[in-house]
Amino acid sequence: MVRRLVLVLGDQLSHGLSALNAANKSSDLVVMAEVMEEGTYVPHHPKKIALILSAMRHFAEELRAAGWQVAYTRLDDREATGSIVGELMRRAEAHGTSDVIATQPGEWRLIAALDAAPLRVTQLPDDRFVCSLDAFNAWAEGRKELRLEYFYREMRRRTGFLMEGARPAGGKWNYDHDNRKPARADLLRASPMRFVPDSITAEVLDLVEARFAGHFGRLRPFWFAVRADEARRAFDHFATHLLPGFGDFQDAMVAGDHFVHHSVMSMYLNIGLLDPLDICARVVAEWQAGRVPINAAEGYVRQVIGWREYVRGIYFREGPDYVRRNALGHRRALPAMFWGGDTRMNCVAQAVEQTQQEAYAHHIQRLMVTGNFALLAGVDPAQVHDWYLAVYADAVEWVEAPNVIGMSQFADGGIIASKPYVSSGNYIAKMSDYCAACAYSVKARTGRDACPFNLLYWDFLIRHRDRFGRNPRMGPVYRTWDRMDEGHCATVLRDAARVLETLDAGGVV
Ligand code: DLZ
Ligand code: SF4
């Protein structure tokens, strides 16, 4: 006899999950399901689908070994219905129960689907985070601006990480200013730990290859960790070899080096294989032992207990319509180069190519190359959002949408960012070695050879002068424009219009 069903989703692969904690091993049945709908509502990268399906299969085995009964649907099971709710209904009917315990999904779409299901579904809070949604809302209540820095300080105090009594370790809360060094190509630099697919993963790879052949992204070589113990080993490897330089080179981009000093742990964290407090405790211990500098430890801890928790709070606070916001009224279609189409822009080509290969690009590639270009070109933020959600292995909507809609595209009108993250080619030239091998000249400000970022940067600012002209943090750039020769300004805008026309005509930029 089964009393209740316990839903475990593909990004809820944690033994301490609230739904499992609330359930009973002897009378409840865990339901896990590989379903086409979750793989195709956006065309997820094949590596991402393989990660999730293989990690689900391994997790189901671990649950069985721990004494749970698990009803597991494989993508190619003949009776499979193709959706999460369909699978719950099928299991409910087979076992004569309509009671379901779930942990709240990380996406409004699925929360609504569970609410609408003709079953008695209890959605429990997802407590695998440092800050509950209630605590976030209490922090946000009555504040005019929800800035990361203040939230982050609260999290530092709450966790005690990098605190010396009431003071931040080293005397400063934030060492971001030290974290902007460019990096050189270095063949001896360590890279993330890679894993050889076991027989479960090998079977999943064949399945993904057969079912999602049309999706953007290369499935093989597949090297991700798919179990918690592997993810922990991968994290240890990062902490030992790459963390010491993580701070200094956090924003650096190096052609052909897909990871530089990044940990590439977000995909494991976001599906539940790693625990945020565990990994931060390890980072803090490395700093206490004198093996990593404070700017590295602080930078890492800030991303995990600060930024990651903060964006989750915003996503759930802002509600289901957040992903369709478009404060700047941008309407342009996402250019084909985002899907691997030809481009003469080396920075974009590098970021897209590695995304295709790895289902990964680091934050500055996402923010200052692809995101910056989409924003400057006025691409419809919903299309930009769908792209990021699809192509990155770590992209679950609660974390991806605030980063894209808010931080990168300014489509939420300034809830997350106090000004748009835009830059000319200069920033990319400073932080990368991309420009040397580019068909465009980053120094040229006008003409056919001019870096498109240089042209579109001004076009964007002038297009949106009504909105940003009075922003005190943007005053200096508008004053620079106003001091420039009128003829030069007209040429910049004419050349920018030519780039946009080329994009609209489906031409190569
Ligand atoms: C992303 C994803 C994919 C590709 N496939 C599945 C799946 O087959 N079964 C499943 O339970 N979950 C999958 N997921 C993760 C869900 O889409 C995720 O739980 C929601 O986006 C909410 O965070
Ligand atoms: Fe990118 Fe411009 Fe540099 Fe080319 S010149 S790599 S387009 S920033």
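The values are calculated or read from the model by the stated rules, or taken from the named source; none is laboratory data. What you are looking at is a predicted structure, and each value in this text was computed from that prediction instead of being measured. In this analysis, Cβ positions are derived from the backbone assuming ideal geometry, glycine residues included, and neighbour counts consider all displayed protein chains. The accessibility values were calculated without ligands, DNA or RNA, using every heavy atom of the protein model including side chains. Shrake-Rupley method; radii C 1.70, N 1.55, O 1.52, S 1.80 Å.
Taking segment 492-509, which residues are open to solvent by less than 40 Å² (accessible area, probe 1.4 Å) and over 18 Å from His330 (Cα atoms)?
If the condition is that a residue be open to solvent by less than 40 Å² (accessible area, probe 1.4 Å) and over 18 Å from His330 (Cα atoms), then Val492, Asp495, Gly507, Val509 are the ones that fit.
So Asn403 clears everything in (1) within 16 Å of ligand 1 (Cβ to nearest atom); (2) among the polar types (S, T, N, Q); (3) open to solvent by less than 10 Å² (accessible area, probe 1.4 Å) except one condition, right? Which one?
The one condition Asn403 does not meet is (3).
Which condition from (1) out of contact with any helix residue (DSSP H, G or I) (no Cβ under 7 Å at 6 or more places or on another chain); (2) within 20 Å of Ala390 (Cβ to Cβ); (3) outside the structural domain of Ile415 (by TED's automatic domain parsing) is the one that Gly329 breaks?
The single condition Gly329 does not satisfy is (2).
Does Tyr440 count as open to solvent by less than 20 Å² (accessible area, probe 1.4 Å), at pLDDT 95 or above and assigned by TED's automatic domain parsing to the domain that holds His385?
Values: open to solvent by less than 20 Å² (accessible area, probe 1.4 Å): no; at pLDDT 95 or above: yes; assigned by TED's automatic domain parsing to the domain that holds His385: yes.
Answer is no for this residue.
Does any residue in segment 51-65 that is assigned by TED's automatic domain parsing to the domain that holds Asp28 and over 14 Å from Phe195 (Cα atoms) come within less than 7 Å, Cβ to Cβ, of a residue that is more than 11 Å from ligand 1 (Cβ to nearest atom) and open to solvent by 10 Å² or more (accessible area, probe 1.4 Å) six or more places away or on a different chain, and which pairs are these?
Filtered contacts from segment 51-65: Arg57/Ile200; His58/Ile200; His58/Arg227; Ala60/Val70; Leu63/Val70; Arg64/Val70.
Quick check on Glu107: is it open to solvent by less than 20 Å² (accessible area, probe 1.4 Å) and among the acidic types (Asp, Glu)? Even if it seems obvious, please write down each step before you answer.
Values: open to solvent by less than 20 Å² (accessible area, probe 1.4 Å): yes; among the acidic types (Asp, Glu): yes.
Yes.
Can you confirm whether Gly214 is assigned by TED's automatic domain parsing to the domain that holds Pro168 and in contact (Cβ under 8 Å) with a residue 40 or more places away in the chain?
Working: assigned by TED's automatic domain parsing to the domain that holds Pro168: no; in contact (Cβ under 8 Å) with a residue 40 or more places away in the chain: yes.
Criteria not met by Gly214.
Of all residues in segment 164-175, how many are in a helix (DSSP H, G or I) and touching a helix residue (DSSP H, G or I) at 6+ places or on another chain (Cβ under 7 Å)? Give the derivation first.
Residues of segment 164-175 in a helix (DSSP H, G or I): 169-171.
Filter once more, so that each one left must be touching a helix residue (DSSP H, G or I) at 6+ places or on another chain (Cβ under 7 Å): 169-170.
The number of residues fulfilling the criteria is 2.
Any residue at all in segment 307-317 that is open to solvent by less than 10 Å² (accessible area, probe 1.4 Å), hydrophobic (A, V, I, L, M, F, W, C) and under 14 Å from the mean Cα position of the chain (by Cα)?
Looking for residues that are open to solvent by less than 10 Å² (accessible area, probe 1.4 Å), hydrophobic (A, V, I, L, M, F, W, C) and under 14 Å from the mean Cα position of the chain (by Cα), one finds at least one in segment 307-317, hence yes.
Show me the helices (runs of 4 or more DSSP H) found entirely inside segment 259-349 where at least 3 residues are within 16 Å of ligand 1 (Cβ to nearest atom) and either within 23 Å of Arg189 (Cβ to Cβ) or acidic (Asp, Glu) (or both). Please lay out each step first, then the result.
Numbers: elements: 266-271, 276-288, 294-301, 308-318.
Result: 266-271.
Only one of Phe460, Phe410 is modelled with pLDDT of 95 or more and either open to solvent by 40 Å² or more (accessible area, probe 1.4 Å) or on the phi < 0 side of the Ramachandran plot (or both). Can you tell me which? Walk me through how you get there before you give the answer.
Details: Phe410 fails: either open to solvent by 40 Å² or more (accessible area, probe 1.4 Å) or on the phi < 0 side of the Ramachandran plot (or both).
Phe460 is the lone residue from the list that is modelled with pLDDT of 95 or more and either open to solvent by 40 Å² or more (accessible area, probe 1.4 Å) or on the phi < 0 side of the Ramachandran plot (or both).
Scan segment 176-192 and tell me whether some residue there is assigned to a loop (DSSP other than H, G, I, E, B) and at pLDDT 95 or above. Steps first, please.
Within segment 176-192, the first condition is being assigned to a loop (DSSP other than H, G, I, E, B), and the residues that meet it are 179-192.
Narrowing further to those that are at pLDDT 95 or above: none.
Within segment 176-192, not a single residue is assigned to a loop (DSSP other than H, G, I, E, B) and at pLDDT 95 or above.
Quick one: in segment 342-362, of everything that is free of Cβ contacts under 8 Å to residues at least 40 places away in the same chain and open to solvent by 10 Å² or more (accessible area, probe 1.4 Å), which residue is nearest to Lys430 (Cα to Cα)?
Across segment 342-362, the extreme among qualifying residues is Ala349.
Per-residue answers, yes or no, for (1) within 24 Å of the chain's Cα centre (by Cα); (2) more than 10 Å from ligand 2 (Cβ to nearest atom); (3) under 20 Å from Glu145 (Cβ atoms):
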position	(1), (2), (3)
Ser408	yes, yes, yes
Asp412	yes, yes, yes
Ala417	yes, yes, yes
Gly425	yes, no, no
Cys435	no, no, no
Val442	no, no, no
Gly447	no, yes, no
Leu461	no, yes, no
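What are the residues in segment 24-59 that are of a type in the set (A, V, I, L, M, F, W, C) and open to solvent by 20 Å² or more (accessible area, probe 1.4 Å), if any? First the steps, then the outcome.
Initially, segment 24-59 is screened for residues of a type in the set (A, V, I, L, M, F, W, C), giving 29-33, 35-36, 42, 49-53, 55-56, 59.
Selection gives Met36, Ile52.
What tally of residues in segment 156-168 results from selecting those that are within 16 Å of Val304 (Cβ to Cβ) and small (Gly, Ala, Ser)?
Adding up the residues that qualify gives 1.
Determine which single condition Val254 fails, assuming it passes every other condition in (1) assigned by TED's automatic domain parsing to the domain that holds Leu187; (2) within 30 Å of Ala135 (Cα to Cα); (3) over 18 Å from the mean Cα position of the chain (by Cα); (4) buried (at least 19 other Cβ atoms within 10 Å of the Cβ).
Condition (2) is where Val254 drops out.
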